[in-house]
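A.B. asks: The structure that follows is given in the form of C-alpha cells.
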Amino acid sequence: MGRSTSRLAPVFLACTTSVYFGAKRTAHLSIKTIIQEDGFMHIIYHCFGGAHSSVTAAALHLGLLPKDRLPTLEELMAVPYFDNTDNSDFGSIRFMGLDEYKNAVYVLGKKSLGDRFTNIIHGTAEMLGARHQVLAVNTMPNVNWLMKIGGFISRRIGMVFLGRPLVGVGTRKAFFALVNLVEITRLQTMDRRQVDS
Amino acid sequence: MNIMFISNTGVHHALIAANIFLGRLHNPNFRYIKGFCDVAHDKSGFPIYIGEDNQSRKVYTLGVGKDVLMAKKTLEDLRDILGFTERELVIEPVSVPGESLIKFCSRWPKILGGAHLNALVSTYILRRQFHVIQKTVEDLQGRLKEMH
C-alpha cells in the first residue's frame, strides 16, 4: 500500500507552468520542485479542454480574478492557460499556483470523461492512501453553450479571432456560478483540514 | 506496490490481463473470471480490486473510456503530484484490436439483450486477442523484474 506522509514531509511536484507579465504571455518555464507541506491539499479543477471553465475556477480560487464583479475580457486573457492550450495538454495536470492555505491548485482537461473522472482521481488517490490530500472538482456543469461553441472554434478549429470573444462572453455569463463552485470547494478544503487536525 | 491495468472498460481485457498477471488464467476460457463483462461494476469510475499476488502486489483494473493514453498521463501526473513513484503504482494500459466494438456492445441496453450481446462479442474478440493481452502482461512482468 502507499506510504503515509509524515508531518511537513516534502512532496515533490514536477510540473510545467507559464510565466506571465501583466496581460502579456511570455515564455514557458518548468518548475522542477515545489515543496508542499503535509496536511495541505491538491485541488484539481477539471473540464473538457482545461482551457476555460477549469482555468477560470482555478484563477478565482487563487485570487487572480475578482469575485465581486464580472471580469473584462482582458482580465480573463491575462489568466495563465486561459484559451491557451493544445492537444498535448489533454490529460496533463497543470499547476496554477498555491492558495493562501498552501493548497496546490491545478487544472486538467479530461475530454468527454464527465463526472466519472472525479471518481477516477479520488479512487486512485484512495488506492495510494492519499485520498485526504486530493480534491477533484468538475467544472463542466457550469459550462454554457457559448463557452462550448467558442472553445470549439478557438481551440479545435483554430479560429481564435472568432472563438475567443464567444468564450469571453460565455465565461462572463457563467462567472458567478463558477464563483459559487469555488467558494463551495474552499469550504470543503477547510472542512477537511479541520477533520484532519 | 499497486498495479493498475487500464483500458476503455475495467471489466473486459483489463480484467483478463489482471487475471493473467495473478496467474489465474492460462488459456482463453473466461467463464470463471469473476466480474467479466459486468459493466455495472465499471460505472462508478473507481478502480476495481482484483487480487494480490505472492509478492504482495495489489492488482486493480480501471475503465477510463476511449482515450486510454490520456488517462494514463493523468494518473501518472497524479501519482507524481502525490509524491509516489512507479515503485508504488504502476499503470499499465491494455489495448486490443476490436476494443471499440467491445465498448459499444457493453453500452447496449439490457432490455434489448445487452448483457448477452456484450458477453458474446467480448468473448469472441478477446479469445482471438488473448495472445496480445498475454504479451502485454509478459512485457510488464519483464519491466517489473528490471525495476527490482
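A.B. asks: B:Glu99 passes all but one of (1) over 16 Å from B:Ile133 (Cα atoms); (2) out of contact with any Phe, Trp or Tyr (no Cβ under 9 Å at 6 or more places or on another chain); (3) acidic (Asp, Glu); which number fails?
C.D. replies: Condition not satisfied by B:Glu99: (1).
A.B. asks: Go through the range A:60-114 residue by residue and tally those that are away from chain B (no Cβ under 14 Å) and closer than 21 Å to B:Glu76 by Cβ.
C.D. replies: Going through the range A:60-114 one residue at a time, the tally reaches 1.
A.B. asks: Additional query: Taking the range B:43-52 on its own, how many of its residues are within 11 Å of chain A (Cβ to nearest Cβ) and touching a Gly at 6+ places or on another chain (Cβ under 9 Å)?
C.D. replies: Going through the range B:43-52 one residue at a time, the tally reaches 6.
A.B. asks: Taking the range A:127-183, which residues are more than 14 Å from chain B (Cβ to nearest Cβ), more than 18 Å from A:Asp86 (Cα to Cα) and either touching a Cys at 6+ places or on another chain (Cβ under 6 Å) or of a type in the set (D, E, K, R) (or both)?
C.D. replies: Hits for the range A:127-183 are A:Thr139, A:Met140, A:Arg172, A:Lys173, A:Glu183.
A.B. asks: Please determine whether any residue of the range A:186-195 is free of Cβ contacts under 8 Å to residues at least 24 places away in the same chain, over 16 Å from A:Ala57 (Cα atoms) and outside any helix (DSSP H, G or I).
C.D. replies: No, the conditions are met nowhere in the range A:186-195.
A.B. asks: Any chance the range B:70-90 includes a residue that's touching a Pro at 6+ places or on another chain (Cβ under 9 Å) and among the aliphatic types (A, V, I, L, M)?
C.D. replies: yes
A.B. asks: Within the range B:21-36, restricting attention to residues that are among the aliphatic types (A, V, I, L, M) and surrounded by fewer than 21 Cβ atoms within 10 Å (Cβ to Cβ), which residue is modelled with the lowest pLDDT?
C.D. replies: Ranking the qualifying residues of the range B:21-36, first place goes to B:Ile33.
A.B. asks: What are the residues in the range B:108-148 that are closer than 23 Å to B:Val59 by Cβ and of a type in the set (Ser, Thr, Tyr), if any?
C.D. replies: B:Ser122, B:Thr123, B:Thr136 - these are the residues of the range B:108-148 that are closer than 23 Å to B:Val59 by Cβ and of a type in the set (Ser, Thr, Tyr).
A.B. asks: What is the residue count in the range A:36-60 for residues that are of a type in the set (Val, Ile, Thr) and not in a strand (DSSP E or B)?
C.D. replies: Residues in the range A:36-60 being of a type in the set (Val, Ile, Thr) and not in a strand (DSSP E or B): 2 in total.
A.B. asks: If the requirement is being touching a Ser or Thr at 6+ places or on another chain (Cβ under 9 Å), within 10 Å of chain A (Cβ to nearest Cβ), over 20 Å from A:Gly114 (Cα atoms) and free of Cβ contacts under 8 Å to residues at least 40 places away in the same chain, which of these qualifies: B:Gly114, B:Gly83?
C.D. replies: Result of the check over B:Gly114, B:Gly83: B:Gly83.
Okay, residues lined up against (1) within 14 Å of chain A (Cβ to nearest Cβ); (2) touching a His at 6+ places or on another chain (Cβ under 6 Å); (3) farther than 17 Å from B:Val96 by Cβ:
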residue	(1), (2), (3)
B:Pro28	no, no, no
B:Ile33	no, no, no
B:Phe36	no, no, no
B:His41	yes, no, yes
B:Asn54	no, no, yes
B:Leu69	yes, no, no
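The values are calculated or read from the model by the stated rules, or taken from the named source; none is laboratory data. These figures come from a predicted structure and were not determined experimentally. Note: ideal-geometry Cβ built from the backbone for every residue, glycine included; neighbour counts use all protein chains shown.
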